[in-house]
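Colleague: For reference, the structure I am asking about is given below.
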Amino acid sequence: MAVGAEAIFGDSVITSTLESALSWARESSMWPYVFGTACCAIEFMSVASSKYDISRFGAEVVRFSPRQADLLIVAGTISYKQAPILKKIYDQMCEPKWVISAGACACSGGFYDNYTTLQGIDAIIPVDVYVAGCPPRPEAFLDALLAIQKIQADERLLDDRAKRVFKGRLDA
Amino acid sequence: MPKAFLERFEKEVSIDAYGAYKLDASLILQALHVLYQNDGYTFLVDMTAIDYLHQPSALRRFAIVYLLRDRLFSNVITLKIDVDETLAIDSIASLFKSANWAEREIWDQYGIHFKNHPNLKRILNHKEFIGHPLRKDYPITQGQLCHKSDDLMDEMTPRLKRKGIESHDALMFLNLGPAHPASHGTIRTFVALESETIRCAISEIGYLHRGFEKSCENHTYNQIIPYTDRLNYCSAILNNIAFAHAVEGILGIELPDRAQFIRVIIGELSRMIDHLVCLAAILVDMGALTNYWYLYNPRESVYDLLSKLTGARLTNSYMRIGGMSHDLYEGFEHDLHVCLKAIDTGVGDTLTLIEHNRIFHDRTQNVGIISQEEAINRSLSGPNLRACGVAYDLRVNAPYYHYESFDFDMALGSVGDVYDRIMVRFEEIRQSKRIIEQAMKRLPQGAVCVADRSISLPPKHEVYGNIEGLMNQFKLVFEGVKVPPSESYRAIEGANGELGFFIVSDGSPKPYKVKVRPPCFYAMAAYPSIIEGGMIADAILSLGSLNIIAGELDR
Ligand code: SF4
């Protein structure tokens, strides 16, 4: 037998926690900032256009201001020269925020094992989902988005997120 | 033949084993003046340096190489200057504006000083970088962390001063990029604004410098093909072709006809889809978003074809030294037809929307103009140069792969503004289609690789069927193609212009040095001068119309 609000209002009311309600709303309206630097960014163009259509998953409002975005998609090679800029963009995004590292380069430096290329962005910012591929196919980008949605559903924003500490190579 | 030059420097000039003119360092400016004025070598193709540390036979450690083209663009000559232990040489930036950035790059990568250079500072590597990475004694994996971006005021203040602006009070400084949607990747332009007018602009590149040239030095020739995909990733296959073409030139081999025709067909298809992205992006910058779908969706159908053909959508690695990885598949012709039709429709729909559109005309005509003389002096090439009305297209001026036998027109502009650059690209899409259709009709049967077993892999049935085939495969995979010693440059018409490779080989399976001539490097160097004096909104369109691709720009 139902108790509390459900007992009084019947099926017309669902009770939940504030956090899960927020997460549920957020899941389907991610606003990505695409930090596209190289070839992988061209594949993101496909993700955004009609055939793969990222708007099916509610994430088509691409923002180019970090202050308006909650999902950072790093698509492309990050050089040492680029690294401080990536970090700045990440820092400018408001919590809660998530990061997808798309493609071999962003994840590990890819096949650019040399003097210019940062060997994985997780040396400077935290990453939630890694996507393999050089470049990843558009489906893989979408898959990563779904993985982020799953993380959101399981996470307790106020607790888990705020407590997260990360110290990268560019943090003093 | 540079007649006047050879007469004037009869005693001083010598020709080295690879056909380069060698001259004493003190004569370089004079020599270039004669070449420029009397012999008409007015186009500086590229400049680079060679570090001979591991070649003990060389007298001096460093040499500088200048590549020049004459007025007709069909002849290339190479000038080579040994650099003495002062590691300094005269700058030629007073003669060729394009040398400004080229010399900065040599300084950055090799640590060779250019006397009287207007602004000799690093260009690809970051400010905190120590050492010169393309020197042979710099370890390839030695990365150096960068903590802070350059504020560029060291360039801005003197430049403003030269323009007579002493006080910064009335100015607003603004960074366009490197993380800005309209900067198409990672390009940064730092501008001084007076209301919305750009008084002064400085471009900084190198944010996508990924050490292509150094990586080449420790990979075999065929292993480099995937790296070339990622130079201009909008038309990966054209980069494959350009590199393979350059190596094949050193090997002295001629491809079977079928291979040449396939290269033409797939190359032109790549050119089309490259132009599609460029046009789609610039129209988005202009606020004409609908066209993005019209132009981008046909690209998807080409991706489908390329996936079937090469297994990859974007980074295809289809070419090999001496041919390509495999022949066309069954049903290719039908798929190609579908692609061409889709492109036709997309381009048609877009043109219907913009061709007679007042807003489009007002935004693009007489905006971002670059004159013919300026464009040549700055070494622009490809659609950007043709938009100024200069008839230079390697497919016509120095044909390869039977291009002389195809019936197609060179698209030329007249003003050299954003409008011309856009329209030249639209027209080139049409012309590429014509070429493809003719090539498909004439496509001969036969092999797609040269038969030489020290260059291309044997057919699979031989590998599994007899010991010789097995050995050939084994040796080629483990050792790679051995390329005889040479220093040579060869180029094709890439989607963005003259795309060439200067390769120093030493007989081993790995190149001693590779230098790309990236067409948009020089276009980008010209960019600040194009936008100065204009409005900020026009600067965005100028950038889009030059089609700067960071992968090839920064390498
Ligand atoms: S992962 Fe591959 S496709 Fe993506 S940026 Fe790196 S090289 Fe380019």
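The values are calculated or read from the model by the stated rules, or taken from the named source; none is laboratory data. As the structure is a prediction and not an experimental result, all values here were calculated from the model. All Cβ positions, glycine included, derive from the backbone under ideal geometry; neighbour counts span all protein chains shown. Accessible surface is based on the protein model in full, side chains and every heavy atom, while ligands, DNA and RNA are left aside. Shrake-Rupley method; radii C 1.70, N 1.55, O 1.52, S 1.80 Å.
Colleague: Starting from region B:270-281, keep only residues that are away from chain A (no Cβ under 12 Å) and under 12 Å from B:G346 (Cα atoms), then list their pairs with residues that are of a type in the set (K, R) and in a helix (DSSP H, G or I) whose Cβ atoms are within a distance under 6 Å, requiring at least 6 positions of separation or different chains.
Modeller: Hits for this filter: B:L279/B:R425.
Colleague: Taking only pairs six or more apart or across chains, which ones have beta-carbon atoms under 7 Å, a first residue in region B:149-166 that is of a type in the set (G, A, S), and a second residue that is open to solvent by less than 80 Å² (accessible area, probe 1.4 Å)?
Modeller: From residues that are of a type in the set (G, A, S), the pairs are B:S149/A:P84; B:S149/A:I85.
Colleague: So is B:D229 under 21 Å from B:G497 (Cβ atoms) and either more than 10 Å from chain A (Cβ to nearest Cβ) or in contact (Cβ under 8 Å) with a residue 40 or more places away in the chain (or both) or not?
Modeller: Numbers: under 21 Å from B:G497 (Cβ atoms): yes; either more than 10 Å from chain A (Cβ to nearest Cβ) or in contact (Cβ under 8 Å) with a residue 40 or more places away in the chain (or both): yes.
Yes, satisfied.
Colleague: Would you please name the residue that is most open to solvent (accessible area, probe 1.4 Å), looking only at residues in region A:59-89 that are under 11 Å from the mean Cα position of the chain (by Cα) and away from the ligand (no atom under 13 Å from the Cβ)?
Modeller: A:D70
Colleague: Let me ask you something else. Among the numbered criteria (1) surrounded by fewer than 20 Cβ atoms within 10 Å (Cβ to Cβ); (2) touching a residue at least 12 places away in the same chain (Cβ under 8 Å), which single criterion is violated by B:R358?
Modeller: Result: B:R358 passes all but (2).
Colleague: Consider B:A312 against the criteria (1) away from chain A (no Cβ under 11 Å); (2) open to solvent by 10 Å² or more (accessible area, probe 1.4 Å): it satisfies all of them except one. Which criterion is unmet?
Modeller: Here B:A312 meets the rest and fails (1).
Colleague: What residue, of B:Y527, B:Y489, B:Y522, is within 21 Å of B:Q109 (Cα to Cα), more than 10 Å from the chain's Cα centre (by Cα) and away from the ligand (no atom under 16 Å from the Cβ)?
Modeller: Criteria check complete, one pass: B:Y489.
Colleague: Out of region B:7-28, which residues are outside any loop (DSSP other than H, G, I, E, B) and exposed (fewer than 15 other Cβ atoms within 10 Å of the Cβ)?
Modeller: B:E7, B:S14, B:I15, B:S26
Colleague: Which of the residues that make up region B:385-411 are under 20 Å from the mean Cα position of the chain (by Cα) and open to solvent by 30 Å² or more (accessible area, probe 1.4 Å)?
Modeller: B:A391, B:V396, B:N397, B:A398, B:P399, B:M410
Colleague: Now a separate question. Can you say whether A:A48 is within 15 Å of the ligand (Cβ to nearest atom), within 10 Å of chain B (Cβ to nearest Cβ) and of a type in the set (G, A, S), as far as the supplied structure shows?
Modeller: Answer is no for this residue.
Colleague: Would you mind stating whether A:A106 is closer than 30 Å to B:D304 by Cβ, modelled with pLDDT under 90 and either under 13 Å from the mean Cα position of the chain (by Cα) or within 16 Å of the ligand (Cβ to nearest atom) (or both)? Steps first, answer last, please.
Modeller: On the way: closer than 30 Å to B:D304 by Cβ: yes; modelled with pLDDT under 90: no; either under 13 Å from the mean Cα position of the chain (by Cα) or within 16 Å of the ligand (Cβ to nearest atom) (or both): yes.
Taking the combined requirement at face value, the residue does not satisfy it.
Colleague: Do the conditions hold for B:S486, that is, is it more than 14 Å from chain A (Cβ to nearest Cβ), open to solvent by less than 40 Å² (accessible area, probe 1.4 Å) and either out of contact with any helix residue (DSSP H, G or I) (no Cβ under 6 Å at 6 or more places or on another chain) or of a type in the set (G, A, S) (or both)?
Modeller: yes
Colleague: A follow-up question, please. Considering region B:224-235 alone, what residues qualify as being within 24 Å of B:P509 (Cβ to Cβ) and either within 10 Å of the ligand (Cβ to nearest atom) or among the basic types (K, R) (or both)? Spell out how you get there, then give the answer.
Modeller: Quick first cut of region B:224-235, residues within 24 Å of B:P509 (Cβ to Cβ) only: B:224-231.
Once the filter is applied, which keeps residues that are within 24 Å of B:P509 (Cβ to Cβ) and either within 10 Å of the ligand (Cβ to nearest atom) or among the basic types (K, R) (or both), region B:224-235 yields B:P226, B:Y227, B:D229, B:R230.
Colleague: I'd like the full set of residues that are more than 16 Å from the ligand (Cβ to nearest atom) and over 21 Å from the mean Cα position of the chain (by Cα), limited to region B:300-326. So that I can check it myself, show each step before the final result.
Modeller: Within region B:300-326, the subset more than 16 Å from the ligand (Cβ to nearest atom) is B:300-302, B:304-305, B:308-309, B:319-326.
B:E300, B:S301, B:V302, B:D304, B:L305, B:K308, B:L309, B:G322, B:G323, B:M324, B:S325, B:H326 - these are the residues of region B:300-326 that are more than 16 Å from the ligand (Cβ to nearest atom) and over 21 Å from the mean Cα position of the chain (by Cα).
Colleague: Looking at region A:103-130, which of the residues that are open to solvent by less than 10 Å² (accessible area, probe 1.4 Å) and touching a helix residue (DSSP H, G or I) at 6+ places or on another chain (Cβ under 6 Å) is nearest to the other protein chains (Cβ to nearest Cβ)?
Modeller: That would be A:N114.
Colleague: Answer yes if at least one residue in region A:145-167 is under 30 Å from B:L231 (Cα atoms) and within 12 Å of the ligand (Cβ to nearest atom), and no otherwise.
Modeller: Among the residues of region A:145-167, not one is under 30 Å from B:L231 (Cα atoms) and within 12 Å of the ligand (Cβ to nearest atom), which makes the answer no.
Colleague: Which one is farthest from B:D274 (Cα to Cα), of the residues in region B:316-341 that are in contact with a Phe, Trp or Tyr (Cβ under 7 Å, 6 or more places away or on another chain) and in contact (Cβ under 8 Å) with a residue 24 or more places away in the chain?
Modeller: Here the answer is B:I321.
Colleague: On to the next question. Given the conditions (1) more than 30 Å from B:H326 (Cα to Cα); (2) within 14 Å of another protein chain (Cβ to nearest Cβ); (3) more than 16 Å from the ligand (Cβ to nearest atom); (4) touching a residue at least 60 places away in the same chain (Cβ under 8 Å), and given that B:E196 satisfies all but one, which numbered condition is not satisfied?
Modeller: The number of the failed condition is (2).
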